[in-house]
Amino acid sequence: MSILFGCSSAQMANNELLKRAESAAPSDISSTATILAVDGTVLREGTSDWVCYPGIPLMPGDLHPMCVDSVWQDFLKSASEGKPFVTSSMGISYMLQGDANVSNANPMATDPNNGDVWVKEGPHLMIAVPKYLLKDLSEDPYNGGPYVMWKDTPYAHIMVPIKNK
């Protein structure tokens with residue numbers, strides 16, 4: 001049966017993607033955000049500058065939702081094109097459902113046995129800032145507070161855990 005309770009399976013799938021994407025940030029942000037599928041397809045037009053995804057756009061098949069402001073939209077575009085990311089202002093990204101297991105040193109690493117410190121962060125914020133503001137922050141994801149991820153790369157940013165690991 002292709003229709004169940006007046007909703008096609010495609011509509012149900014779309015509703016699940018919307019629900020997952022909205023869960024990435026507080027509702028006052030996600031309710032007005034544009035929702036994009038990881039391939040860039042618009043699932044819902046928004047009324048704010050925020051964009052939410054049902055998974056991380058840089059990781060095909062990922063199910064960790066995120067909501068990003070305009071600075072982080074530039075961050076994701078730069079990373080997807082393999083271009084350095086530079087900003088003169090602060091940007092915020094929410095990942096209130098947590099993140100995938102990633103290398104804290106290398107954004108392109110795929111092997112958790114490569115010797116890097118790997119971290120699977122729970123609910124957190126990510127903050128993009130001009131690089132000079134990162135110099136005195138810890139790189140240790142287990143320090144009990146904010147830390148710098150990918151410090152020696154063009155994609156360095158601050159991770160702010162919301163819950164203990």
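The values are calculated or read from the model by the stated rules, or taken from the named source; none is laboratory data. Because the structure is a prediction, the values reported are computed rather than measured. Cβ coordinates were reconstructed from backbone atoms using ideal geometry, including for glycine residues, and neighbour counts include every protein chain displayed.
Annotations
- For first residues located in segment 148-163 and free of Cβ contacts under 8 Å to residues at least 24 places away in the same chain, partners that are surrounded by 15 or more Cβ atoms within 10 Å (Cβ to Cβ) and assigned to a loop (DSSP other than H, G, I, E, B) and lie 6+ apart or on another chain with Cβ distances below 7 Å form the pairs Val148/Leu137; Val148/Glu139; Val148/Ala156.
- Among the residues listed as Val148, Val119, the single one being among the β-branched types (Val, Ile, Thr), more than 24 Å from Val51 (Cα to Cα) and not in a loop (DSSP other than H, G, I, E, B): Val119
- The lone criterion from (1) assigned to a helix (DSSP H, G or I); (2) in contact with a helix residue (DSSP H, G or I) (Cβ under 8 Å, 6 or more places away or on another chain); (3) not basic (Lys, Arg) left unmet by Tyr94 is number (1).
- Pro107 vs. criteria under 16 Å from the mean Cα position of the chain (by Cα), touching a residue at least 40 places away in the same chain (Cβ under 8 Å) and surrounded by fewer than 16 Cβ atoms within 10 Å (Cβ to Cβ): no
- Any chance Asp28 is within 16 Å of the chain's Cα centre (by Cα), charged (D, E, K, R) and at pLDDT 90 or above: no
- Residue list for segment 68-92, filter: among the hydroxyl-bearing types (Ser, Thr, Tyr), in contact with a strand residue (DSSP E or B) (Cβ under 8 Å, 6 or more places away or on another chain) and touching a residue at least 40 places away in the same chain (Cβ under 8 Å): Thr87
- The set of residues from segment 44-59 being within 13 Å of the chain's Cα centre (by Cα), over 15 Å from Glu16 (Cα atoms) and part of a loop (DSSP other than H, G, I, E, B) comprises Trp50, Ile56, Pro57, Leu58, Met59.
- Look at (1) on the phi > 0 side of the Ramachandran plot; (2) at pLDDT 95 or above and you find that Gly82 fails only one, number (2).
- Unmet requirement for Leu43, which otherwise passes all of (1) surrounded by 13 or more Cβ atoms within 10 Å (Cβ to Cβ); (2) at pLDDT 95 or above; (3) of a type in the set (A, V, I, L, M, F, W, C); (4) closer than 30 Å to Leu133 by Cα: (4)
- For segment 75-91, filtering for residues that are crowded, with 18+ Cβ neighbours inside 10 Å and in a helix (DSSP H, G or I) leaves 3.
Residue-by-condition table, conditions (1) closer than 22 Å to Ala25 by Cα; (2) not aliphatic (A, V, I, L, M):
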| position | (1), (2) |
| --- | --- |
| Lys83 | no, yes |
| Tyr94 | yes, yes |
| Leu137 | no, no |
| Pro161 | yes, yes |
